[in-house]
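The values are calculated or read from the model by the stated rules, or taken from the named source; none is laboratory data. What you see is a predicted model; the values in this text were computed from it and never measured. Glycine gets a Cβ as well: all are built from the backbone with ideal geometry, and neighbour counts include every protein chain shown.
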Amino acid sequence: MVADMAHSGNTRERIAIFLSSAEYDRVHQGLSIAAAGAASGRPVDLFLSWWALDRFVRDDLDAPHFGPGRDAVAEDFTERGFPTLRQLLGAARATGRVKLFACSGSLAMLGQTPKVLEGLVDELVGWATILDRTSGVVDRFFL
């Protein structure tokens, strides 16, 4: 039996990251994990749902915003040269080891159609696919 290429790589080495929050710090952390994992040679599956998916659909990946009263943190963040969400995503994707998935239920909840995902994600998936892809994955991050 030929191994399915979508599941290439040992599942114990694969990293699964679930992003559901749109909060900048959480998305930044998830993309940092993806970039680091991919840079170290590990395959990474990044699953976008709920408000994180909305952030990506709205293309809100540049200016850091950490919430009310944290404007100084955002300014320091930029001045110190920390990468934006877009830069982290670009670095992670450039390795060829990161697959980006959008949750079909979340997309429907947002009132969007699959057309908005063109060029944004690798695949629109439901829970059956998510469960299949993450079966046996040890390193899972939920943000």
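Sort out which residues of region 38-49 are polar (S, T, N, Q) and buried (at least 18 other Cβ atoms within 10 Å of the Cβ), and write them in order of number.
Of everything in region 38-49, just one residue is polar (S, T, N, Q) and buried (at least 18 other Cβ atoms within 10 Å of the Cβ), namely SER49.
How many residues does region 85-109 hold that are out of contact with any Ser or Thr (no Cβ under 9 Å at 6 or more places or on another chain), of a type outside the set (A, V, I, L, M) and either assigned to a strand (DSSP E or B) or loosely packed, with under 12 Cβ neighbours inside 10 Å (or both)?
Residues that pass the stated criteria total 2.
Which condition from (1) surrounded by 15 or more Cβ atoms within 10 Å (Cβ to Cβ); (2) under 14 Å from ILE15 (Cα atoms) is the one that ASP122 breaks?
Against the list (1) surrounded by 15 or more Cβ atoms within 10 Å (Cβ to Cβ); (2) under 14 Å from ILE15 (Cα atoms), ASP122 comes up short only on (2).
How about region 112-143: which of its residues are over 12 Å from LEU53 (Cβ atoms), assigned to a loop (DSSP other than H, G, I, E, B) and either among the basic types (Lys, Arg) or out of contact with any helix residue (DSSP H, G or I) (no Cβ under 7 Å at 6 or more places or on another chain) (or both)?
Matches in region 112-143: THR113, GLU118, GLY119, ASP122, SER135, GLY136, VAL137, VAL138.
Among the listed residues ALA52, ALA35, which satisfies the condition of being in a helix (DSSP H, G or I), in contact with a Pro (Cβ under 9 Å, 6 or more places away or on another chain) and surrounded by 21 or more Cβ atoms within 10 Å (Cβ to Cβ)?
Checking each option against the conditions leaves just ALA35.
Quick check: anything in region 73-84 at pLDDT 95 or above, among the aliphatic types (A, V, I, L, M) and either in a helix (DSSP H, G or I) or closer than 20 Å to TYR24 by Cα (or both)?
No, because not a single residue in region 73-84 is at pLDDT 95 or above, among the aliphatic types (A, V, I, L, M) and either in a helix (DSSP H, G or I) or closer than 20 Å to TYR24 by Cα (or both).
List pairs: first residue in region 72-93 and in contact (Cβ under 8 Å) with a residue 12 or more places away in the chain, second residue of a type in the set (Lys, Arg) and outside any loop (DSSP other than H, G, I, E, B) anywhere in the structure, Cβ distance under 9 angstrom, at least six positions apart or on different chains.
LEU85/ARG55
Note down all Cβ pairs under 7 Å where the first residue falls in region 40-66 and is closer than 18 Å to ASP122 by Cα, the second is part of a helix (DSSP H, G or I) and among the aromatic types (Phe, Trp, Tyr), and they're at least six residues apart or on different chains.
Final answer for the pair search is LEU48/PHE56.
Taking region 95-124, which residues are over 14 Å from the mean Cα position of the chain (by Cα) and among the hydrophobic types (A, V, I, L, M, F, W, C)?
LEU107, ALA108, MET109, LEU110, VAL116
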